[in-house]
1. Within segment 117-167, take every residue that is in a strand (DSSP E or B) and open to solvent by 20 Å² or more (accessible area, probe 1.4 Å) and give me the one that is farthest from residue 256 (Cα to Cα).
2. In segment 238-260, how many are more than 17 Å from residue 126 (Cα to Cα) and either basic (Lys, Arg) or not in a helix (DSSP H, G or I) (or both)?
3. Please specify each residue of segment 203-229 satisfying the condition of being assigned to a loop (DSSP other than H, G, I, E, B) and modelled with pLDDT of 90 or more.
4. Where residues in segment 601-635 are open to solvent by 50 Å² or more (accessible area, probe 1.4 Å) and not hydroxyl-bearing (Ser, Thr, Tyr), which of them is modelled with the lowest pLDDT?
5. Yes or no: segment 307-324 includes at least one residue that is under 24 Å from residue 589 (Cβ atoms) and assigned to a helix (DSSP H, G or I).
6. Quick one: would you say residue 66 is of a type in the set (A, V, I, L, M) and modelled with pLDDT under 70?
7. How many residues, within segment 491-531, are within 49 Å of the chain's Cα centre (by Cα), touching a residue at least 40 places away in the same chain (Cβ under 8 Å) and crowded, with 16+ Cβ neighbours inside 10 Å?
8. Which residue out of 222, 236 is in contact (Cβ under 8 Å) with a residue 40 or more places away in the chain and of a type in the set (A, V, I, L, M, F, W, C)?
Amino acid sequence: MHSKIFVVSFNKFILPVYETMNKFNMHLTPLSIVTLYACIGGIWLLLSCARIFTNLFIDQAAFTLLEVNNIVFILLTSWLLYFMIRKSEADIKHRKNALSKLYRALKTYSQCHQALIRADNEMQLMQNICRIIVEVGGYRVAWVGIAEHDDERSIRPIVQWGDSQGYLKNLNVNWSDTDRGRGPTGTAIKTGKPVVVKYIEYDPKWELWRENALRHGFRSSLSLPLIIAGRPFAALVIFSGETRIFDVNEVKLLSELADDLSYGIATLRASIERLKVEKEYSLLASVIEQANEGIFLFNDGGVIQYVNPAVEKITGLPPLAMVGKNIQNLEYMEPNRQFYEAILKGIPRGRQRAGHFQFKRQDNVMFELNVITWSVSDESGNVISHVALIRDVSHEMQLERQLRCAQRMEAIGTLAGGIAHDFNNTLASIITCSEMALEESPPGSTLHELIEVVFKSGLRGKNLVKQILTFSRQGEQERQEVQADLVVRECLMLLRATLMPTIEIRLHIDKNLGLLFADPTQIQQIVMNLCTNAVHAMRSQTHGEMDIWLDNVDIDHLYVTNFGNLLPGPYFCLTVRDNGHGMDEDTIYRIFDPFFSTKGQSEGTGLGLSVIHGIVSNHGGVITVESQPDQGSQFKVYLPRLNKSTNVTTDVPETTVLSGTESILLVDDDENLVFATEQMLRQLGYKVIARTDPLVALQLFSSSPEKYDLIITDQAMPHMNGTELARELTSIRPGIPVILCTGYDTISSSDTDDIGETASFISELALKPLIRGEIATIIRRVLDDSTQCEGLRG
């Protein structure tokens, strides 16, 4: 009965005390155990003594009760003391484990922060974080998965630490709304909140991956979203080999670590982007600073905010002298005033403007400039500044003018070549008939003088056509080594005989003047034309001065850009300068146009300079001109130079008119030319049979080919040209000599199938018009060569 009372008293008083201690998380310490034991003992004594004293008056067995009470007290207090000591040991062990986990977590957090501070690479940072979590934090595996935005919304592991068995290699997880997207990692990315799994073995979120995870020793997991700008982009996942490892404090600490990692990644990306932008800005600044185009930056009021170094090359003003000044305060002399005013007027309001202007630098160098202006706006669309792009197009404009000039010359050349044949036929009949008429008319008579005028006019027309053909000629001419100083001296000897005494000529020749590989006649034509033009320009001068320089020049890659398509190398330079009336820009622009002349109608043909331009171009050179009104003119001719010296030989023309008695078949479609040529050949003693139709001539020859000793045929004829006729005649009678006459300077490739084949049956090519001595010499040479060949064959 006493023990029952004691048990009831223990349950009624002792257990509530113990439960109160647990409720308020009061830990058992030695002091608390002693205090509790003393309180329980005191309560026990009070209750038991009260019961004993009561029984002393009722029952005589008090001493027996007292003994039993002491025994029960000792047993119960011993059991209670044992129970409290065991509870104290358990609390101590629990606190020790909690402190150990907290220490590891804090150490992990600290070292991760050190890694964040030192990181300069995003992948390296995430790798170090995973390593610290595993090695310092004591977890099994840590990895980071990127949320891809592909069709499957897959999660791709990019870094990991501790996965030595390859668990992540075959991991198939995503963040979509499918079954594989409802796992802890996919859920963390979708919701942006941590997902804790304390029992992988039983948690439904691990259903698809449970077996493989347990086989690798994973018992719990923590998936932490990595968030930048409010949007999850990845997840930090931690696996542990223990269950219930992630408590509230640990999850909170690791969540803060994930937030810090997200911030670190965002900072690294921003730093990389900033460096990229700075590099782009630096590159852009370098491009602007090193650009060949000038760049002005100015505000609405016209105040210059920036100019690049190219502006100084154009304007002659350094950037520091322009920045901060208003465009209106810059030089306002013509034509620069129009340039600066165009920039001011070009301050656009949302649209681009362009213009072309001339600019004269302080050293009197003239530029051709293209100017483009536009506005610069901020992100809101507000205009914050204005830009003027200045491009020097002087070289392009020069090339464009040269191209237009070359195109006009090519067009005129094509026309000239087309009319040369008919014009030469007309001149040939005039020259031939007048030359024969001169011999028939009495010398000194009026008729003789009139015919002589006609003959000389025909020769002048012949020279004019030769100039036209020279201008229109596109192919290479027969050239030789030419000593230019001798050609110039010969020209000056002829020129001085016709000069007025008021004109002085000064010749300056380089001591080591090189040779030219050119046509001597064409070089003479260049010198005579330039000199006669200079003399004409000085007719009104009281004292004219003409200077002629012959120099060797070497043109390098830098200087060659001023001469269009001229190649670098050694050149011969002919300079002709006068102090005549000069030319304005419009005249210079057209000076090389065919038939353009500043002389009177009876003083020039307008072909001189255009012919010279064609000759110089065909020799691989250039011609330049500098002139101003009332300041004279200067022409420079650059021709490729040979670096050696030799004597120039010239052929002495024959003056004796040769004759003969052979039979000649003459074929030409021009009846007047046929009549004149037939009469001239008869005067020379030849027997001539003439026809105007090549088909009739072919039939005539076929009937008796041995009757003829020579064939003279025109090239351009209807039905059959001269080359085709010669081929047919030589096929009938091989070896018969053929002279092919043409009003063109060359035979085009379309007139024959094979140049080599043509040369085999054409004995000689004669260019119309021919005077009697020229045609007589050609005929005699061809006949004599044919006779020698027949003798060798015989």
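1. Per the criteria, the residue is 154.
2. 9
3. 203, 207, 208, 209, 216, 217, 218, 219
4. Among them, the one singled out is 601.
5. Yes, that holds for at least one residue.
6. yes
7. Number of matching residues: 15.
8. 236
The values are calculated or read from the model by the stated rules, or taken from the named source; none is laboratory data. Here the structure is a predicted model, which means the values were calculated and not measured. Cβ sites come from the backbone with ideal geometry, for glycine too, and all protein chains shown count toward neighbours. Side chains included, ligands, DNA and RNA excluded: accessible areas come from the protein's heavy atoms. Shrake-Rupley method; radii C 1.70, N 1.55, O 1.52, S 1.80 Å.
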